[in-house]
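S.K.: This structure is in C-alpha cells; I'll ask about it shortly.
The values are calculated or read from the model by the stated rules, or taken from the named source; none is laboratory data. Every value quoted in this text rests on a predicted model; they were computed, and no experiment measured them. FYI the Cβ positions are ideal-geometry reconstructions off the backbone, even for glycines, and counts take in every protein chain you see. For accessibility, only protein heavy atoms count, side chains too; no ligands or nucleic acids. Shrake-Rupley method; radii C 1.70, N 1.55, O 1.52, S 1.80 Å.
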Amino acid sequence: MTSESTSPPVVPPLHSPKSPVWPTFPFHREGSRVWERGGVSPRDLPSPLPTKRTRTYSATARASAGPVFKGICKQFSRAQGHGFITPENGSEDIFVHVSDIEGEYVPVEGDEVTYKMCPIPPKNQKFQAVEVVLTQLAPHTPHETWSGQVVGS
C-alpha cells in the first residue's frame, strides 16, 4: 500500500481592487476629482439630487434651527423638479429641490422667497435651500398652483 498524501489545490488569495469600483454616470458626482478641480460650473447639480426624503433627521433638525435667509427665485423648472435662488446678499446661487418648497404656488423667476440652508452631502461644501416659502409673487407674472391652475398676480 502506498500512501500518497492528497493536499488541497493551491488557490491564490483574493485581493480587493486597488481602486474602488463605482458605477459610471453621465454626469459628475460631487465627490469626483473633476468637481474638486473646478472643471464643473457651480450650476451643475449634485448627484444624486438631495431631497427632503433622503435627508437625514439630524441635517433636517440643524437646518430648521438655523437662520432664515431672503432671496429671489432665479430659475425654477417644475418639469425637472429643481431650480436656483439668488441670495439677497449676492453670494453664489443656492440649489432648491421641489420637495423643499412650501405653499401652493410654483415659483417663477422674480419671486421673493425666504429659506433656510442645509449642506449637501457627502462633503457638505455646497448648500441647498430648504423650507422655501414664497413671500412676494413677481408682479405681472402668471403663477401656477401645484394642481395646475393658472392664477394671474
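S.K.: Answer with yes or no whether Lys74 is in contact (Cβ under 8 Å) with a residue 60 or more places away in the chain and open to solvent by 70 Å² or more (accessible area, probe 1.4 Å).
M.R.: Criteria not met by Lys74.
S.K.: Taking segment 103-153 as the search range and keeping residues that are of a type in the set (S, T, N, Q) and open to solvent by 60 Å² or more (accessible area, probe 1.4 Å), which one is farthest from His82 (Cα to Cα)?
M.R.: Only one residue tops the list, namely Ser153.
S.K.: Just the residues that are small (Gly, Ala, Ser) and surrounded by 14 or more Cβ atoms within 10 Å (Cβ to Cβ), please, taken from segment 82-102.
M.R.: Within segment 82-102, Gly83, Ser99 meet the criteria.
S.K.: Here are some conditions: (1) polar (S, T, N, Q); (2) open to solvent by less than 60 Å² (accessible area, probe 1.4 Å); (3) part of a loop (DSSP other than H, G, I, E, B); (4) at pLDDT 70 or above. Ser41 meets all but one. Which one does it not meet?
M.R.: Among (1) polar (S, T, N, Q); (2) open to solvent by less than 60 Å² (accessible area, probe 1.4 Å); (3) part of a loop (DSSP other than H, G, I, E, B); (4) at pLDDT 70 or above, the lone unmet condition for Ser41 is (4).
S.K.: May I pose another question? Give, as residue ranges, the strands (runs of 3 or more DSSP E) completely inside segment 60-153 that count at least 1 residues that are within 12 Å of the chain's Cα centre (by Cα) and among the hydrophobic types (A, V, I, L, M, F, W, C).
M.R.: Fully inside segment 60-153 and qualifying: 82-87, 94-97, 112-120, 126-136.
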